[in-house]
1. So, in region 251-267, of the ones that are touching a residue at least 40 places away in the same chain (Cβ under 8 Å), within 23 Å of Leu113 (Cβ to Cβ) and of a type outside the set (A, V, I, L, M), which residue ends up surrounded by the fewest Cβ atoms within 10 Å (Cβ to Cβ)?
2. Looking at (1) surrounded by 20 or more Cβ atoms within 10 Å (Cβ to Cβ); (2) in contact with a Ser or Thr (Cβ under 7 Å, 6 or more places away or on another chain); (3) small (Gly, Ala, Ser); (4) over 25 Å from Thr347 (Cβ atoms), which one does Gly286 not meet, given that it meets all the others?
3. Tell me the residue from Lys179, Lys185 that is surrounded by fewer than 23 Cβ atoms within 10 Å (Cβ to Cβ) and free of Cβ contacts under 8 Å to residues at least 12 places away in the same chain, please.
4. Residues in region 30-40: is at least one modelled with pLDDT under 90 and either part of a helix (DSSP H, G or I) or over 17 Å from Ala122 (Cα atoms) (or both)?
5. Would you be able to say whether some residue in region 322-338 is modelled with pLDDT of 95 or more and out of contact with any Leu (no Cβ under 9 Å at 6 or more places or on another chain)?
6. Residue check: is Ala25 in a loop (DSSP other than H, G, I, E, B) and at pLDDT below 95?
7. Kindly provide the set of residues from region 74-87 that are touching an Asp or Glu at 6+ places or on another chain (Cβ under 7 Å) and assigned to a helix (DSSP H, G or I), ordered by number.
8. Mind checking which pairs have a first residue in region 141-164 that is at positive phi and free of Cβ contacts under 8 Å to residues at least 24 places away in the same chain and a second that is in a loop (DSSP other than H, G, I, E, B) and surrounded by 19 or more Cβ atoms within 10 Å (Cβ to Cβ), Cβ under 8 Å, 6 or more apart or different chains?
Amino acid sequence: MNARRTAALILAAAALMALNAGAYAENAPDIAAGGAALIEQYTGAVICAKEAHKKLPMASTTKIMTALIVIENCSLGDTVKVSPKAYGVEGSSMYLNAGEEVSVEDMLYGLMLLSGNDAAVALAIHTAGSVEAFAALMNARAEEIGAHNTNFVTPNGLHDPEHYTTAYDLALIAAEAMKNSDFRKIVGSTYHKTTTGSVIRYMKNKNKILWQYEGGCGVKTGFTKAAGRCLVFAAERDGMTLIGAVLSCPDMFNAAKAMLDYGFASFRTEKIISAGQSITRIRVSGGTKTALAAEAKDDIIIPVRIGESADIRTEVETRSGMNAPVEKGEDVGSVRVLMDGKLVGETRLLAAEDSLSLKFGQYLRKLLSGWAA
């Protein structure tokens, strides 16, 4: 059984934090879109939203998941032989030729910068053997991420009545994808020149957020007649990354800027726990040390609304009945941060030092000395 206790000692003075860092921000912008959502990347905290859970087609923003699945299942240096099924796919294109051999990396740039529908099909077949099998991977990954109102049928977003998402789900998917350094590099690139394939291809990113917004770092545009104009966007300032999505939004870039402006003006990040911070002590039986410090593995940084109070608490969960040996760096539990009762951050706890096993004689002497005391 695990022992859980509220660790007021960690944030004794901050259990009720008054985060008065400035005036209240203006009200959230009114976005003319079928659906819109802006979240903080690591916690998933919703900054602003409109019809965020309404199921809508998403056009080429689909390719965010396509790219993530490919990156997670293939090596960038792998060679893709373009299937005849990928040749001449309608809509935006990388203009691949059947039988052409292109690296996964170059094809991913073609997918995300040129929005190549042909690249999406070629990558899907290379990764999973068929578009249908690849869609199954996409849907399984969506469930893992928590995008429960999403269903993928195609890897490129060409219209299908059973192919849909929500603004909130799409922001969640993008937030997960942006944690991958290869993905983030690709969608954050303004230009790319291919080095593989039968011809050299020069690409320019269609996402104006990269040029027109301070801190803009991705991710993907989309358009079909059925979906309208769609945009998933991201920007980072002062260590906080905001990720948003607008679906069926005619003025998508200005809408994205308005949402980001609101987010950065209204919220800031607060480091609640630092990596390496001593959080609690754990009991160890039969070891050279009977109590060990447990340290946080990672930082926990959360977004907080400027000018408002937040009830921030921590919970520590440690392994009970621990016996030596325990090695430095061994996982011994976890620490969770809750804001207004909602989980907003969690990291593992690691032993800060070793506790070696006592030999029987040592253990007996230690036991007897404890009685004598």
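1. Here the residue is Asp251.
2. (1)
3. Of the residues listed, the single one that is surrounded by fewer than 23 Cβ atoms within 10 Å (Cβ to Cβ) and free of Cβ contacts under 8 Å to residues at least 12 places away in the same chain is Lys185.
4. Taking every residue of region 30-40 in turn, none turns out to be modelled with pLDDT under 90 and either part of a helix (DSSP H, G or I) or over 17 Å from Ala122 (Cα atoms) (or both).
5. no
6. Taking the combined requirement at face value, the residue satisfies it.
7. Ala86
8. That search, which allows pairs on different chains as well, returns nothing.
The values are calculated or read from the model by the stated rules, or taken from the named source; none is laboratory data. This structure is a prediction, so every number in the text was calculated from the model and none was measured. Cβ sites come from the backbone with ideal geometry, for glycine too, and all protein chains shown count toward neighbours.
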